[in-house]
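The structure appears right after this line, and notes come after that.
FYI, it's all coordinate maths here, none of it is from the lab. Small disclaimer: the values here were computed from a predicted structure and weren't measured. Using ideal geometry, Cβ is built from the backbone for each residue, glycine included, and neighbour counts are taken over all protein chains shown.
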Amino acid sequence: MSPLWTEHTLWLGRDRAALAGHSRLPARGLPLAQLGVSETGPAAAASALLAATPRGRWRAGVELVLGSPWVRYQLLPWQEGVHTDAEWADYARALMRPQFGTATDGWRVRVADAPYGAVRLAAAVDESLCVSLAEAVVARGQKLASIEPALMQVYNRHRRTLRHTEFALLVLEDSLLTCAVASAGDWRGVVSLPLAGDLAATLRQAGGLLSIGMPEISYLAATRRPAQLPAQCQWLGPIAPAFATLEAAC
């Protein structure tokens, strides 16, 4: 019998998508399913995964977690006179436009809250991708609970754990690493790059790309826990709570 209330989290990576779920009534975990993305495209992969899983008797939410290939990140220095969410999004587009051109006009931009005067972190996703993913969810009779980049998902969930004043927040999705560096309460740099050898070597490369020294302390969430963590690297767990079994499925 299908569970009465089933919630799902769908992660979209570069080469594969994975869907995990749990039911509230009765409370139990549901199997994790995976599908290649390159053969079908992201929206088709999401639709196929949702179609292959049992639905609850009542509508429940689907959380979409977007991996680094589908997201562009940008640090926003504090700007006086910028107040509303729309103004911050326009400011982010203006900073990204020299690199990405007019494509930024078609991006959905969200800017994380920060204290007055602090650097803010912006994430941009192609609007057409967001729409196609939302349509895939609705077509299966589910409702879209959220669309969130993996880096932001990890940061929002673990921000109280990040107790050091200087640290690197790492999100490793298969062979792609996103590294966000913070110091003295401010973001200093963010970059996504392919895994080059082991994680420690890739961190050194990230520091070179950002032209900043890497902090001694780092925190890592990943789809698969590396066999060896760099010195003073704290394991946070999977990229989302529903993917506790994602490591074993890799």
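Using +1 on the beta carbon of Lys and Arg, -1 on that of Asp and Glu, and nothing else charged, what's the dipole of the chain about the Cα centre, debye to 20? It would help to have the intermediate numbers written out before the result.
Values: 23 positive and 21 negative charges, 150 e Å.
Its charge dipole is roughly 720 debye.
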* Among Gly67, Gly81, Gly117, residue whose mean-square fluctuation peaks in a GNM of the chain (springs only between Cα atoms under 10 Å) -> Gly81
* Residue among Val181, Gly237, Trp78 farthest towards the positive dipole end of the chain, charges placed on Cβ -> Gly237
* Asked: Measuring from label point to label point, each 7 Å out along Cα→Cβ, what is the Val119 to Glu216 span in nm?
  -> 2.1 nm
* **Estimated [θ] at 222 nm from DSSP helical runs (n ≥ 4, -39500 (n - 2.57)) normalised by residues in the chain, nearest 500** => -7500 deg cm²/dmol
* Residues whose placed amide H lies under 5 Å from that of Glu166, excluding near-sequence neighbours -> Ala184
* Structure fact -> Options [x] 54, 42, 34; [y] 70, 49, 31; [z] 59, 51, 37 are given for Cα extents along the principal axes in Å, and the computed one is [x]
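Given a cut-off of under 8 Å on Cα pairs at least six residues apart, what relative contact order in percent is computed for the chain? Let's see the in-between values first.
Working: 481 pairs, mean separation 41.7, N = 250.
Over the chain, the number comes to 17 percent.
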* To do: Choose one answer from Arg110, Arg204, Arg16: the residue with the largest mean-square fluctuation in a GNM of the chain with alpha-carbon springs under 10 Å.
  => Arg204
* To do: For Ala86 and Gln234, calculate 0.36 nm times their separation in residues minus their Cα-Cα distance, and state this gained length in nm to one decimal.
  => 49.7 nm
* Quick one: longest stretch of the chain between exposed loop GluC sites (Glu not before Pro), exposed meaning at most 10 other C-beta atoms within 10 Å and loop per DSSP? -> 81-250
* Structure fact -> The answer for the chain, counting only DSSP H helices whose Cα atoms cover 15 angstrom or more along the axis and whose Kyte-Doolittle average is 0.0 or greater, is 127-139, 199-210
* Quick one: among Thr104, Thr40, Thr202, which has the greatest mean-square fluctuation in a GNM of the chain with alpha-carbon springs under 10 angstrom? => Thr40
* Structure fact -> Each label sits 7 Å from Cα toward the beta-carbon; between Arg97 and Asp198 the label points are separated, in nm, by 4.6 nm
